[in-house]
Structures are given as C-alpha cells and as structure tokens.
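Right, one structure below, let's go through it.
The values are calculated or read from the model by the stated rules, or taken from the named source; none is laboratory data. Predicted model only: the values in this text are computed from it and were never measured. A quick note on method: Cβ atoms are made from the backbone with ideal geometry, for glycine too, and the neighbour counts reach across all protein chains shown. Note: areas computed on protein heavy atoms with side chains; ligands, DNA, RNA excluded. Shrake-Rupley method; radii C 1.70, N 1.55, O 1.52, S 1.80 Å.
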Amino acid sequence: MKKSILIFTCVFAFTFNAKAQDGLENILFADISDANLLTEAYLKPAAEGFIYGMSSGWFHTAKVHKTLGFDITIGANLSLIPSDKEIFNVNSLNLSDKITKNPITSPTVLGSNDSALQNGFEVTIPANSDPTINNGIHPELVRNFTMPDGFGDDLPLNAAPTPSVQISLGLPYQFEATVRVVPEVGSDDAKGKLFGLGIKKEITDWFGPLDKLPLHVSIMGAFTNMTVTSVIDDPSENGVTITDGLGELKLDSYTVQALASLNFPFINVYGGIGYVSGSSSLNINGTYELEYSGGLGQTYRKTLIDPLNLNYKVSGLTSTIGARLSLGFFKIFGSYTLQEYNTVNAGIAFSFR
C-alpha cells in the first residue's frame with residue numbers, strides 16, 4: 001500500500017512517464033509566464049482531484065469506539081473527473097502575443113490520450129527581444145511544440161485514485177482519533193510521505209432520547225499533508241537539456257463534517273455533510289537549457305532555472321451517503337460523495353470494541 005500511494009502520486013503529480021514526458025518539457029519553449037499558465041491548466045484536474053480524494057474516506061460510521069477500542073481501515077477513493085475537466089480552453093488563458101499559433105482547446109492530464117498530437121503551438125520570439133538569449137542579440141526565433149496528451153483513458157472510470165490506510169482509536173469522553181501515516185518511502189528517483197489526523201466527537205446524547213435508538217450523531221474534523229519528490233530525467237532530445245531536474249508536490253487538505261449513522265447488528269447506513277478545502281503546489285526545479293535554431297545553421301540557447309511554480313486551491317460543500325456490512329470484527333463498506341469532484345470510496349476494516 002505504501003508503494004501504491006507513491007506510484008499514484010508520482011503519476012498524477014509529475015506525469016514524467018514515457019507518454020507525458022514526450023511533451024511536458026517542451027512547454028518551456030513558450031514564454032515562462034505562458035509555460036506556467038499552460039502547465040497549470042494541464043495538471044489542474046489531477047491536483048484538484050487529489051485534494052478531494054484525500055479529504056474523503058475518513059469515516060464509515062458516526063459511532064465512536066469505546067475507550068481504547070480501535071479499527072484498521074484499508075480503502076481507496078476514486079475522484080471522478082467531470083467531463084468539462086478533460087480539456088481546457090486555451091484562449092481563456094490570455095497567453096502572450098509570443099504564442100502566434102494555438103488550438104482552441106487542449107487535453108488536460110486526465111483527458112484523451114490521442115488528441116494533443118493534433119494540437120500544435122507556435123512560439124515566435126522577436127529579434128533581439130530576449131536578453132537571456134545570446135545577451136539579447138538574436139534573430140527572430142520560431143519554435144513549435146505540442147502539449148502532452150492525457151492518460152485518462154488508461155484509468156479506471158477516468159478517475160483520480162487515492163488510497164487510504166488509517167487507524168482509529170477510541171478515547172475518553174466519546175472522542176475518537178484517526179491517523180493516516182506513510183513514512184517516507186521510495187527511491188532516490190521518487191519518494192513521498194503522508195500524514196493525516198482526524199478527530200471525531202459523538203454527540204448523540206446531546207439530543208436526549210435519541211441515545212436509546214440505533215441512531216448515532218457525531219462531528220468530525222480532519223486534515224492530510226502529503227509531500228512527494230521526483231527526479232526529472234534529461235530527455236536527451238527535442239532541444240532540451242535538463243540538469244538536476246526535480247519536481248516537488250506538496251498537498252494539504254481539510255474537512256469538517258457532521259455525521260450520522262443507523263447502526264444495526266449486520267449493517268449500518270451512514271452519511272455526512274460538511275465542507276472541504278485544500279491547496280497543492282507543484283514546483284519544477286533544476287536547470288533547463290533550451291535550443292533554438294536561427295537559420296543558416298546557427299543555434300541559440302536559453303537557460304531557465306527553477307522555471308515552474310504552480311499553485312491550486314479548492315473549497316466547497318461535501319455530502320456523503322454509504323453503507324457498511326458487519327461480519328463480526330470484519331467490515332466491508334462503500335460510499336458516494338457529492339462534491340465538485342464526486343468521489344467513490346470503498347474498503348474493508350478490522351474493528352474491535
């Protein structure tokens with residue numbers, strides 16, 4: 001499961017597998033402000049889907065454990081990508097006039113895996129206009145590139161998956177704490193870590209006679225922090241040379257919800273309503289040397305250092321409905337969450353007391 005978390009994160013955060021890397025670094029041929037806008041739009045569904053996914057799956061009942069009772073839960077969330085997030089409108093980005101040709105739309109990272117090749121961009125750098133190229137002395141330079149295609153077609157239900165492994169412990173005064181922890185795992189090329197903490201307080205007895213019914217009511221708050229780094233390899237082609245390339249993703253998600261569940265001996269039905277917010281940042285660091293052809297066999301080079309810094313924020317209401325089957329201490333559960341990126345959650349739990 002630790003490896004799964006790392007694999008999922010690396011795929012969505014950096015898309016430096018063979019398919020995506022064949023175009024992502026080429027965006028840097030655009031003006032740096034345009035490169036940031038294009039990359040931000042391309043990765044947006046994955047960055048936002050991660051936040052909503054990591055905010056889900058925190059509960060499968062409103063009832064808290066008795067003091068020192070506990071459960072171990074293994075689950076997965078699938079944040080469904082809305083169809084309008086599979087492409088983005090290029091013209092709405094208000095790119096600079098250095099982009100002299102562009103398609104109207106282009107796929108996002110979770111879009112189609114064959115449409116980007118049809119969507120070419122042209123960058124024109126006017127003569128002697130860029131001081132970072134040959135000290136500002138250069139002819140007009142023209143460079144063409146395509147955005148990387150998406151790989152949503154390769155994913156189950158075209159959704160952003162986020163696994164979750166957590167331990168919940170009953171505390172005095174009808175409190176319960178839930179912890180998600182993945183210590184740093186991976187290799188020198190890609191590694192990540194995760195920490196999350198949730199607190200649930202049952203308030204059923206606040207409502208008088210309700211504590212005699214199978215109904216349980218709670219309030220809950222939780223947050224998750226995740227950091228992943230991945231080495232960006234030198235493609236050794238396309239006129240791009242990368243030195244010390246490194247991508248770093250940082251993600252924070254928060255949720256506050258009111259919960260309710262009807263707990264029967266073999267099955268319970270549960271739900272929640274509340275608020276989700278979060279942010280993520282993706283930094284592309286290193287030295288990137290770009291090669292332009294100026295005609296007559298002349299070559300001009302431009303060097304970028306730590307070129308991309310992308311930030312995403314989400315917030316909104318969330319509501320969940322689900323059911324759990326109880327087979328002694330073994331539980332099977334599933335739920336559906338309505339939010340900007342609707343999320344399916346399913347898993348198993350081993351629960352005691």
ask   = Which one is surrounded by the fewest Cβ atoms within 10 Å (Cβ to Cβ) among residues in the stretch 231-273 that are among the small types (Gly, Ala, Ser) and under 30 Å from Tyr292 (Cβ atoms)?
value = Ser236
key: Cβ-Cβ under 9 Å pairs, at least 6 apart or on other chains, the stretch 75-97 side within 20 Å of Tyr52 (Cα to Cα), far side acidic (Asp, Glu) and not in a loop (DSSP other than H, G, I, E, B)   = Ser79/Glu48; Lys85/Glu48
inquiry  = Can you report the number of residues in the stretch 53-77 which are in a strand (DSSP E or B) and out of contact with any helix residue (DSSP H, G or I) (no Cβ under 6 Å at 6 or more places or on another chain)?
reply    = 7
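Evaluate the stretch 45-67: report whether one residue or more is under 30 Å from Gln174 (Cα atoms) and of a type in the set (Lys, Arg). Step through it out loud before you land on a result.
Taking the stretch 45-67 and keeping what is under 30 Å from Gln174 (Cα atoms), we get 51-67.
Among the residues that remain, those that are also of a type in the set (Lys, Arg) are: 63, 66.
Yes, that holds for at least one residue.
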key: Subset of the stretch 115-171 [closer than 30 Å to Ser351 by Cβ, out of contact with any Phe, Trp or Tyr (no Cβ under 9 Å at 6 or more places or on another chain), modelled with pLDDT of 80 or more and open to solvent by 70 Å² or more (accessible area, probe 1.4 Å)]   = none
ask   = Being among the aliphatic types (A, V, I, L, M) and closer than 25 Å to Gln339 by Cα, is that true of even one residue in the stretch 227-240?
value = no
ask   = Which residue out of Gly208, Gly221, Gly192, Gly186 is touching a helix residue (DSSP H, G or I) at 6+ places or on another chain (Cβ under 9 Å) and open to solvent by 20 Å² or more (accessible area, probe 1.4 Å)?
value = Gly186
